[in-house]
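The values are calculated or read from the model by the stated rules, or taken from the named source; none is laboratory data. Keep in mind it's a predicted model, so treat the numbers as computed, not measured. Counting neighbours? That spans all protein chains shown, and the Cβs are built from the backbone with ideal geometry, glycine included.
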């Protein structure tokens with residue numbers, strides 16, 4: 001278990017926005033992009049998540065009916081779970097020490 005497992009999608013989305021230096025603001029439990037007032041949700045929205053996954057070389061693999069997000073640079077970071085984009089964002093945060 002990693003330190004992000006127990007966080008909500010909202011908390012993960014906010015940490016990702018902060019790490020990427022995306023100007024944002026929060027209304028209730030939503031992170032909004034200050035540039036266009038759209039909801040920023042890389043834990044669930046492929047349009048927000050895929051650029052991060054691709055740019056950071058995060059590999060997604062299906063193993064035993066669950067998803068595995070992996071990144072191999074100096075060492076292997078791996079997170080397993082059912083939410084494809086959420087686990088990739090956890091790997092991204094672990095890679096960047098956020």
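Can you name every residue in segment 1-42 that is under 11 Å from the mean Cα position of the chain (by Cα) and either in a helix (DSSP H, G or I) or at positive phi (or both)?
Those that are under 11 Å from the mean Cα position of the chain (by Cα) and either in a helix (DSSP H, G or I) or at positive phi (or both): 9, 10, 11, 12, 13, 14, 15, 16, 17, 19.
Kindly indicate whether residue 49 is closer than 12 Å to residue 13 by Cβ, at pLDDT 95 or above and not in a loop (DSSP other than H, G, I, E, B).
yes
Could you figure out which of (1) over 18 Å from residue 96 (Cα atoms); (2) assigned to a helix (DSSP H, G or I) isn't true of residue 61?
Exception for residue 61: condition (2).
Identify, by number, the condition in (1) over 15 Å from residue 94 (Cα atoms); (2) surrounded by 12 or more Cβ atoms within 10 Å (Cβ to Cβ); (3) touching a strand residue (DSSP E or B) at 6+ places or on another chain (Cβ under 9 Å) that residue 44 doesn't meet.
(3)
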